[in-house]
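As structure tokens, the structure follows; a few thoughts come after it.
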Amino acid sequence: MQVILDTIEYGAQIKKTPVVVGNCTGFAVNRVFFPYTQAACMLVDLGLDPYMIDMVILKGFGMPMGPFRCSSHSCTHPLGHSCNMCLPLASSYVLS
């Protein structure tokens, strides 16, 4: 229990919001990542620029990177099958 309390305190010190969840792989990440990526794909399908979407997510929401840059780093795109333009755009990112 002390480890959890210490981790929550450390999260506050680095200005992050820790989330305590049960012991199962990827649950918290998947609950956030999939709707976030699906919404980004929908915006691209509606004609918005994926680079602009990533920039807004990076600067406006404080995420370390947007979903398209994230998918180019991981070489996969979990929602590519449901998004007309996302997979080709994600693979066109130049990694820096």
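The values are calculated or read from the model by the stated rules, or taken from the named source; none is laboratory data. This is a predicted model, so every value here is computed, not measured. Neighbour counts run over all protein chains shown; Cβ positions are idealised from the backbone, glycine included.
I'd like the full set of residues that are acidic (Asp, Glu) and within 12 Å of the chain's Cα centre (by Cα), limited to the stretch 48-63. Of everything in the stretch 48-63, just one residue is acidic (Asp, Glu) and within 12 Å of the chain's Cα centre (by Cα), namely ASP54. Select from the stretch 34-57 the residues that are among the acidic types (Asp, Glu) and in contact (Cβ under 8 Å) with a residue 24 or more places away in the chain and list them in ascending order. Passing the criteria: only ASP45. Does at least one position in the stretch 47-54 carry a residue that is in a helix (DSSP H, G or I), modelled with pLDDT of 85 or more, of a type in the set (Ser, Thr, Tyr) and surrounded by 12 or more Cβ atoms within 10 Å (Cβ to Cβ)? Yes; the residues of the stretch 47-54 include at least one that is in a helix (DSSP H, G or I), modelled with pLDDT of 85 or more, of a type in the set (Ser, Thr, Tyr) and surrounded by 12 or more Cβ atoms within 10 Å (Cβ to Cβ).
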